Amino acid sequence: MNLLGTLLNERYRLDAELGRGGMGQVYRAHDTVLDRDVAVKVVSATKLGTDGRARLLREAQAAAKLNHPNIVSIHDAGEAQIADHAGAAGPMPFIVMELVEGPSLHERRPQSLEETLAVARQLCAALEHAHARGLIHRDLKPENILVTAASASGTSTAAKLSDFGLARSIASRVSAEGTIAGTVFYLAPELALGQAYDGRADLYALGVMLYELTTGRLPFMADDPIAVISQHVHTRAIRPRARDEKIPPALDALIVRLLAKDPQDRPASAGELLRALNAPDI
């Protein structure tokens, strides 16, 4: 559905599409009340159902309480009545977020080990803030991390984590060519198995990203989502230093620990992981 030019709830004008996924689209929009540009995530109501819409709004309210420089702020959430092609109006949930001018980590990869570690430390700080408030992301991946140059010279990178609890697809995103392109590659074993989880599920996903950013490849690859999930649950990843011997031994050991199948064998918290990433031997 083409929503460009739509004015949601007589306030948010959708000006340009920034991206789309299995659950909806993200637009650059203008808040006509506060006269500022924002990002608006419009979610397909048919894919959520009534219970899903209520849960989305609850999670948006919880995520809106997060206040951290490395987390994309949520400004508003609600539902708009949007007419479909047949002219019938129906509820369309939307989330209004801080507009971050910059690509995702998937689109712009760090250019050095130092930059990779700087991004990882910022994500740890964001996760420590969220986990302390009872919020687990559960869908950490490069597409959900926005990066911007933190200085005029562009020598440092600022990372912002987005989409805390907001309209994720737990299965996988499938491209037009029918190939899997995300989500399951970063899925912690306990989430894949439907078991109890805590913040260490996010640390597992961060471990997958560190593996990918330091070696240039994912630890687990296969032709279909079920095979990838099976590897997360059963297969031990090849050590990062076996892929690239320039990776520091301490970082190699830390990534292996993050990828432990049992959450008990991972760092206990994002704060503990941040301290490890700040160690001199890393």
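The values are calculated or read from the model by the stated rules, or taken from the named source; none is laboratory data. Quick caveat: nothing in here was measured; it's all calculated off a predicted structure. All Cβ positions, glycine included, derive from the backbone under ideal geometry; neighbour counts span all protein chains shown. When the accessible area is computed, the model is the full protein with side chains, heavy atoms only, and any ligands, DNA or RNA have been set aside. Shrake-Rupley method; radii C 1.70, N 1.55, O 1.52, S 1.80 Å.
Taking the criterion of being within 22 Å of K246 (Cβ to Cβ), more than 12 Å from the chain's Cα centre (by Cα) and assigned to a loop (DSSP other than H, G, I, E, B), the residues of the stretch 96-147 that qualify are R108, R109, P110, Q111, S112. Consider L66 carefully, then state whether it is in contact with a Ser or Thr (Cβ under 8 Å, 6 or more places away or on another chain), open to solvent by 40 Å² or more (accessible area, probe 1.4 Å) and not polar (S, T, N, Q). Criteria not met by L66. Screening P219 against (1) free of Cβ contacts under 8 Å to residues at least 60 places away in the same chain; (2) within 22 Å of A159 (Cα to Cα); (3) touching a Phe, Trp or Tyr at 6+ places or on another chain (Cβ under 7 Å); (4) surrounded by 21 or more Cβ atoms within 10 Å (Cβ to Cβ) leaves a single unmet condition, (2). In the stretch 133-169, which residue that is modelled with pLDDT of 85 or more and of a type in the set (D, E, K, R) is surrounded by the fewest Cβ atoms within 10 Å (Cβ to Cβ)? Here the answer is R133.
Quickly run through the stretch 263-282 and pick out the residues that are more than 16 Å from T116 (Cα to Cα) and free of Cβ contacts under 8 Å to residues at least 24 places away in the same chain. Scanning the stretch 263-282 gives Q264, D265, E272. Does the stretch 43-62 contain at least one residue that is buried (at least 19 other Cβ atoms within 10 Å of the Cβ), modelled with pLDDT under 90 and part of a strand (DSSP E or B)? Within the stretch 43-62, one or more residues are buried (at least 19 other Cβ atoms within 10 Å of the Cβ), modelled with pLDDT under 90 and part of a strand (DSSP E or B).
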